[in-house]
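Here the structure is laid out as structure tokens; the discussion comes afterwards.
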């Protein structure tokens, strides 16, 4: 809408701030964009691009609640995800001579995520508790009792 102008850069910076720090940040951004669009004559191609961007933001709104994510202490950047991919996948899957199919690869990913998340002990305990314990006797018979010799 603004092109590569000082005003455009200033508006974009303000919108990024609203997304990160305001409740209902995306709604505020969309209202601002709509107000600017309504106050201008856009070329057909600019109007098409505006429509694509607007629909994209509306479609992805559930994932753009950055203010709430920040309040909960969740990361909003891609750095954490990229680091996790390197730690979980690359270090294990791309070692020399390794070959994986989907089933075995998924099993390794699951185990590495559990390990790297620091919940191995809790998951292992839950897994063991969920397993059926073996019986000590066969076919439901009571185990033989030891007979003690009387003195």
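Computed from the coordinates by the stated procedures, all read-outs in this text should not be read as laboratory data. Bear in mind that the values here come from a model prediction, so they are computed numbers and not experimental data. Neighbour counts run over all protein chains shown; Cβ positions are idealised from the backbone, glycine included.
Among 105, 79, 97, which one moves the most in a GNM of the chain with springs linking Cα atoms closer than 10 Å? Result for the chain, Cα springs under 10 Å: 97 fluctuates most. Taking label positions 7 Å along the Cα-Cβ direction at both residue 81 and residue 119, the computed distance is 2.0 nm, reported to one decimal. Sorting 120, 11 from the fewest to the most surrounding beta carbons within 10 angstrom yields 120, 11. Note on residue 16 and residue 64: the model spin-label points, each 7 Å out from Cα along the C-beta direction, lie 1.5 nm apart. Summary of the geometry: the range 43-61 and the range 71-118, compared by the centres of their Cα atoms, lie 34 Å apart. At a Förster distance of 35 Å, what's the computed FRET efficiency of residue 129 paired with residue 24, Cβ-Cβ distance as r, to 0.05? Approximately 0.20, to the nearest 0.05. Fully extending the segment from residue 38 to residue 100, taken as 0.36 nm per residue of separation minus the present Cα-Cα distance, adds 16.9 nm. Only DSSP H runs of four or more residues enter the estimate; each adds -39500 (n - 2.57), and after division by the residues of the chain the mean residue ellipticity at 222 nm equals -17500 deg cm²/dmol.
A crude spin-label estimate for the pair residue 74 and residue 110, with each label 7 Å from Cα along the Cβ direction, gives 2.4 nm. Put in order of Cβ neighbour count within 10 Å, fewest first, the listed residues 49, 82 become 82, 49.
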